[in-house]
Structure formats: C-alpha cells, structure tokens
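**Q** The structure under discussion is supplied below as structure tokens; questions concerning it will follow.
Values in this text are rule-based calculations from the coordinates and carry no lab data. Quick caveat: nothing in here was measured; it's all calculated off a predicted structure. Neighbour counts run over all protein chains shown; Cβ positions are idealised from the backbone, glycine included.
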Amino acid sequence: MAAAAARWAPVVGLLGLLLLPFAPAPAGAATPARSPPSSASSAVFLLSGDVYPTGHYYVTMNIGDPAKPYFLDVDTGSDLTWLQCDAPCQSCNKVPHPLYRPTKNKLVPCANSICTALHSGSSPNKKCTTQQQCDYQIKYTDKASSLGVLVMDSFSLPLRNKSNVRPSLSFGCGYDQQVGKNGAAPATTDGLLGLGRGSVSLLSQLKQQGITKNVLGHCLSTSGGGFLFFGDDMVPTSRVTWVSMVRSTSGNYYSPGSATLYFDRRSLSTKPMEVVFDSGSTYTYFSAQPYQATISAIKGSLSKSLKQVSDPSLPLCWKGQKAFKSVSDVKKDFKSLQFIFGKNAVMDIPPENYLIITKNGNVCLGILDGSAAKLSFSIIGDITMQDQMVIYDNEKAQLGWIRGSCSRSPKSIMSSFP
C-alpha cells in the first residue's frame, strides 16, 4: 500500500473474472471447526514498522498447517484480511515471504454465510460465477486493490493464559494485486489484516467462535513497533478516556462521532467534524476547513528560525538552522492540538503526534488535506495514535485511549497502564 495514503473505503464486489484452477471443494470443507470457548483471554502480538519511513505497522501472523509466517498490515479501516496468493498469481508484488498457496479443500463456497456478508455491502444483486468459490474484489482510496477468492485456513493465536489456539478463519487469497506503481513495487508486507466492524473481519470471526471478545487494542510506538491485542482482559480499568461509538455516515467505520478542534487550547472556530480512527492510514487527515485553519494557526505560531522548504516526504515541511534528528529537537516551536468529543472527552495531540523528521533533517506536518483524497470526514491515523493505547470495544460500542509509552514489551507496557 502507498505509505502516506489512507487505505480506505473498500468497495467489495463480485467480478468473477477468473475461475481458480481448483477442483470443487469437498462438501463442508470450508465450515470452520468450532474451537472451545476460552476463558476470555486475549491474544497478543508484537508489532513491527513505524510511521516513517516504513509507512505502516504490521504484525506477524502464522497461518496454515504447518503454520508459516506472514507480515500483515494492521488496518482497522477495512474488514477483509487477505494475503498475496499463488493460486496461481496474475499480479503480485515482491513480498517478504513465499506466496501463500491454498489447497483445493480450502475454498470458501458461494453459499457460505461469510461470502454472503462480503457481497452484501455493495453488490446485493450479484451472484457467484460458480458455487464452488467466493470471488471478491476490494478497492482502496489510494487506488490499491486486491482481487481473489475467499479461503479458510488455520491461524495460530498466542493467548495470554499461555495457551495457543488454532481456529479456522476465512480470508482473501489475492491473486491480482494492484499496489504501488502498476503493482510492481516491492511490498514490506504479505497482505492486510482487516480489523473493521463488519462480520467478515478476523475479530468478528474470533467472537463467533468463542475465542475472544470482540475487542481489540493497539499501542504504536514513536520509536517503531508496539503491540496489538484481541480480547478485553488487557483493557486498563481506569484513566481511559471513553467515547461512545457512533454509526459513521460514510461507512461501517470506527467513529466516536464529531469533534471540535482546538489549537493551543483555543478553538479554531471550525464546524465540528466527523472523525474516524483508522490504523490503516499512516497520517492524519482533516477535512478542508479544519485543515486550512490548522495550517494557518501553525504557521502563525512558528518562530522565524524555521523556514518552509520543499521535501518529497510530505507537502508541508520546514528546515531549521541545522538538520533535526528527532521531533524533540523542534517540538518547543510547535503547539498541541486537541480534539474535544461530546461534552468533555479530550484527545490531546502534542507535536510528536503530528510531526515527523525526514531523512533530510526537515520537520514535516503529518496532517494532510482530506479533501484532496475526496474524504468528507477526518481520519485519526497512526501518527496521532502513537504512544497511547487505543481500544476498539465492539462489545460496549465505545472507543477509548490512554497515553503511555509503547516502546517496551507488552508485559512491561501493561505495568505503565493502570
């Protein structure tokens, strides 16, 4: 996926362009083996990656039997998990691991309920080209796409109670990816981990099988890495700022509703804007009016020692009297932003949550103009979610966040949260 783009607004549809060269799946082959309910334990994973220069955070998932590792881009802004796949592959990127190779008994048939759920979003009148398989196409607003079929295979999930479960979960076997320039760019991940609110997402499937609660959280470190968890037993019991989840007007996304924007504790006098949390977006996006107001406020508060400069990394950058090595070198020159949700729920956005230092030693604004990407709402992306635990609680329909360092092991990180 494009490093600076919001990987967003999936459009799912049946194309039926290619029938995979598989024999029909045996009857019942794609029915998940129901795992015994666990004692509400969380599955925990270490993350790799960063906002800059990698452009995303990813998790290692062990899939198949025998299990093989794959790097998956963590995306709460879409539902479908998919792997680049040798089925055979029509168009695939150079990926870190050998392409996933499904066997003929892994195909999800058209009649499966998860296939119905996948197609019901935007293609309610379409039918499968064959009853033996479930075709999909998913498109993102950065022009990336994945075309393939649904398969079902084992995922190895390490639980906090020291056990390891291996549920069979449905995901996309993508044999035609358009990522980067004509799909030719090397990819740092093998696919995408869809953790959205829909029934197709891995989180919803784990809930249906009684493995974990429908709750997830992530802690993204400014120095790279962090951790991800499924389930509710790692959620802090106090000091979390909670906001009710609302139905987004733009799709089935994680949204706390509208927020008022402040700069240095002063209102920017913009209209409240709809906000969505999306770990699949590297940067934060503001809709047109708040974006322009933010740019004006930042520029008006800067010292004369900073000069605007062109940098290929991002649209708005400044240089200092000498090259910057980290945001701490320059954060004193920038003020904090604040989102106010509802009556008193505050998300503080200090300079380190909206600035990056490029390889050229410049400081750049990691808030982009959402109207350029044709977004009618604002996105809180990875840069703004760094060094705070963000919790997506589908059980109680609420979103939460609590600030703390994410640069250590999950166990030591948890000790810093109440």
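**Q** So what's the convex hull volume per residue for the Cα atoms of region 43-230, in Å³?
**A** Values: hull volume 22.6 nm³, N = 188.
In region 43-230, the Cα hull volume divided by residue count equals 120 Å³.
**Q** Still on this structure, please answer the following. Calculate log10 I(q)/I(0) of region 241-415 for q = 0.15 Å⁻¹, where I(q) comes from the Debye formula with a single equal point scatterer on each Cα and nothing for solvent.
**A** -0.88
**Q** Listed here are the pairs K94/K319; K94/K162; K271/K335; K139/K335; which of them are more than 30 Å apart at the Cα?
**A** Details: K94/K319 35 Å; K94/K162 35 Å; K271/K335 21 Å; K139/K335 37 Å.
From K94/K319; K94/K162; K271/K335; K139/K335, over 30 Å: K94/K319; K94/K162; K139/K335.
**Q** Once the piece of chain linking S113 and S296 is laid out straight, how much longer is it, given 0.36 nm per residue of separation minus the C-alpha distance between them?
**A** Residue separation times 0.36 nm, minus the Cα-Cα distance, leaves 60.9 nm.
**Q** Here's something else I'd like to know. Could you check the spin-label model distance between D233 and S120? Points 7 Å from the Cα along Cα→Cβ, value in nm.
**A** 3.2
**Q** Roughly how many whole Å is it from the C-alpha centroid of region 345-366 to that of region 246-279?
**A** Cα centroid to Cα centroid, the span is 19 Å.
**Q** While we're on this one: Calculate, in nm to one decimal, what T60 and K271 gain on full extension: separation in residues at 0.36 nm each, minus their alpha carbon distance.
**A** Working: separation 211, 0.36 × 211 = 75.96 nm, distance 4.07 nm.
Taking 0.36 nm per residue and subtracting the Cα distance, the gain is 71.9 nm.
**Q** Computed FRET efficiency, Cβ-Cβ of K104 and S305, R0 60 Å: what is it to the nearest 0.05? Intermediate values should be presented prior to the final figure.
**A** On the way: r = 65 Å, r/R0 = 1.09.
Plugging the Cβ-Cβ distance into 1/(1 + (r/R0)^6) gives 0.40.
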